[in-house]
Amino acid sequence: MAEKKFELTNLVTGKKSVAEVKSGTLGPDVLNIASLGKDHGLFTFDPGFMATAACESKITFIDGDEGVLLHRGIPIEQLAEKSNFLEVAYLLINGELPTGEQSAEFTNAIGHHTMINESLLRFFNGFQYNAHPMAMLSGVVASMSAFYHDSMDINNPRHREIFAHRIIAKIPTIAAAAYKHSLGQPFVYPRNDLDYGSNLLHMFFAVPCEPYHIDPVTAQALDLLFILHADHEQNASTSTVRLAGSTGANPYAAISAGISALWGPAHGGANEAVLAMLEQIGTVENVPKYLAKAKDKNDNFRLMGFGHRVYKNFDPRATIIRAMCHKVLAKLGKSDNPLFELALRLEEIALKDDYFVERKLYPNVDFYSGIIYSAIGIPPSMFTVMFAIARTVGWVAHWQEMISDPAMKISRPRQLYTGAGKRNYVEVGKR
Ligand code: SDX
């Protein structure tokens, strides 16, 4: 295929240069602007990275116009229907679906790394009972580098693999410890005979004084929610993990940075904000008032769980989760969930409103997920923690992809400086 190139001309000086166009397997071409500085003395200017490809990746592809999400080329709809979370984790990290033997080996490795150092458990006693669980999660995950320093040589593939097993296995245990601390209940140790979702339910909801029955419907719903939240290209938290990791920082610190970025209500914190918004709206009669607030530029209210930087069509994950709501709520005998009914009506009314239609604002992954978490018995303060548990496998996959690339460089963007010109220091008596 003929090489694709762009000719760039400075219309003031007439200086010309040629820039290479790179094509991927799917999606838009990219313009390699590496020579822009040398050829024209220019930087590109793209706040929020609205039109910037920050890296090359083989892990996930999103077609925002078509509402397509592929993990290593496999559509999310097929993974949601046929796979399970640990198999998707293996696919994201290793690039191919595992054989039966590889799957058993990976599941066994994860299943036997679920306990955390007993000293880490004591960290939770230092938090107020009402500390936000995301504060506890990011703090304790960063502290893992103080305990597991025997596997942090980022240039050693075996160390990278041990780190991946440890963080994927232990993040539910840390999440459960944060939840139990907030309840003032004793911590429940993980069980190696349980699958990933069942183990989390056990650690969240079991108490020492009576047997805990794990509902298979709930465990399956949790596993599917984890699949749907596992990875999503270069979203804000994944980009944070890549940037932090590009400095050579230990991987636990990089994952902790990703947890902090995910917490924001514009990102993973939206699932908690959606529940608060639905409770604030209260009834279908109030929907028009709140849609007006969402459209009012002088009101900072936004329709949480709506809109997306990339999807300008339905977020395929939201479509799957909305269908899940019907099934899970029915199986749990909670079909008449008023917040779910309100969410469905809110979506229906918003998608007929020109403001949302013109801006292609559709429900995203966070719009319905909280309905299911609530039905399972998980409180809103833990919703983003659930997102973080799932997204950890995506963060690990991207960190591994970046760190194992010999061409990796530290990420260090430039800027457009519009501050004061060079000037001299003025003594305090002369100011
Ligand atoms: C996630 O990147 C990922 O892949 C993220 C994620 C993942 O899996 O990692 O998919 C997970 O973070 C999903 C998004 C969760 N956030 C929310 O639900 C919060 C509400 N949504 C918005 O804040 C917003 O839509 C964003 C942050 C998601 C996207 O913001 P953009 O791409 O910067 O879009 P924008 O703010 O420039 O909005 C474009 C227009 C603006 O209006 P105009 O200035 O053109 O008149 O749409 C409006 C915005 O005011 N708009 C909204 C809106 N979202 C955008 N108006 C009301 N309610 C909203 N939710």
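The values are calculated or read from the model by the stated rules, or taken from the named source; none is laboratory data. All of these numbers come straight from a predicted model, not from anything done at the bench. All Cβ positions, glycine included, derive from the backbone under ideal geometry; neighbour counts span all protein chains shown. We work out accessible area using only protein heavy atoms, side chains counted, and drop any ligands, DNA or RNA first. Shrake-Rupley method; radii C 1.70, N 1.55, O 1.52, S 1.80 Å.
Numbers below:
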read-out: Among (1) open to solvent by 10 Å² or more (accessible area, probe 1.4 Å); (2) of a type in the set (D, E, K, R); (3) within 15 Å of the ligand (Cβ to nearest atom); (4) within 19 Å of Ile167 (Cα to Cα) - the single one Asp223 does not satisfy; value: (3)
read-out: Sole exception among (1) open to solvent by less than 40 Å² (accessible area, probe 1.4 Å); (2) of a type in the set (A, V, I, L, M, F, W, C); (3) more than 7 Å from the ligand (Cβ to nearest atom) for Ala276, by number; value: (1)
read-out: Positions within region 137-161 being touching a His at 6+ places or on another chain (Cβ under 9 Å), surrounded by fewer than 17 Cβ atoms within 10 Å (Cβ to Cβ) and closer than 24 Å to Thr107 by Cβ, in sequence order; value: Asp150
read-out: Filter result for Leu416 (of a type outside the set (S, T, N, Q), within 15 Å of the ligand (Cβ to nearest atom), in a loop (DSSP other than H, G, I, E, B) and open to solvent by 10 Å² or more (accessible area, probe 1.4 Å)); value: no
read-out: Residue in region 167-181 that is closer than 26 Å to Ser198 by Cβ, open to solvent by less than 30 Å² (accessible area, probe 1.4 Å) and more than 23 Å from the chain's Cα centre (by Cα) present; value: yes
read-out: Residue within region 360-379 that is farther than 22 Å from Ala230 by Cα and either within 13 Å of the ligand (Cβ to nearest atom) or in a helix (DSSP H, G or I) (or both) present; value: yes
read-out: Total residues in region 287-320, condition within 12 Å of the ligand (Cβ to nearest atom), hydrophobic (A, V, I, L, M, F, W, C) and surrounded by 15 or more Cβ atoms within 10 Å (Cβ to Cβ); value: 7
read-out: Enumeration of residues in region 321-333 that are more than 18 Å from Glu77 (Cα to Cα) and crowded, with 16+ Cβ neighbours inside 10 Å; value: Leu329, Lys331, Leu332
read-out: Residue in region 36-48 that is in contact with a Ser or Thr (Cβ under 8 Å, 6 or more places away or on another chain), at pLDDT 95 or above, farther than 23 Å from Arg317 by Cβ and open to solvent by 70 Å² or more (accessible area, probe 1.4 Å) present; value: yes
read-out: Qualifying residue in region 245-252 (condition: over 27 Å from Leu346 (Cα atoms), within 13 Å of the ligand (Cβ to nearest atom) and open to solvent by 10 Å² or more (accessible area, probe 1.4 Å)); value: no
read-out: Qualifying residue in region 49-62 (condition: crowded, with 17+ Cβ neighbours inside 10 Å, in a helix (DSSP H, G or I) and among the small types (Gly, Ala, Ser)); value: no
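Condition check ((1) assigned to a helix (DSSP H, G or I); (2) not small (Gly, Ala, Ser)) across all residues:
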residue: His113; (1), (2): no, yes
residue: Leu120; (1), (2): yes, yes
residue: Ala131; (1), (2): no, no
residue: Asp150; (1), (2): yes, yes
residue: Glu161; (1), (2): yes, yes
residue: Ala176; (1), (2): yes, no
residue: His181; (1), (2): yes, yes
residue: Asp193; (1), (2): no, yes
residue: Ile214; (1), (2): no, yes
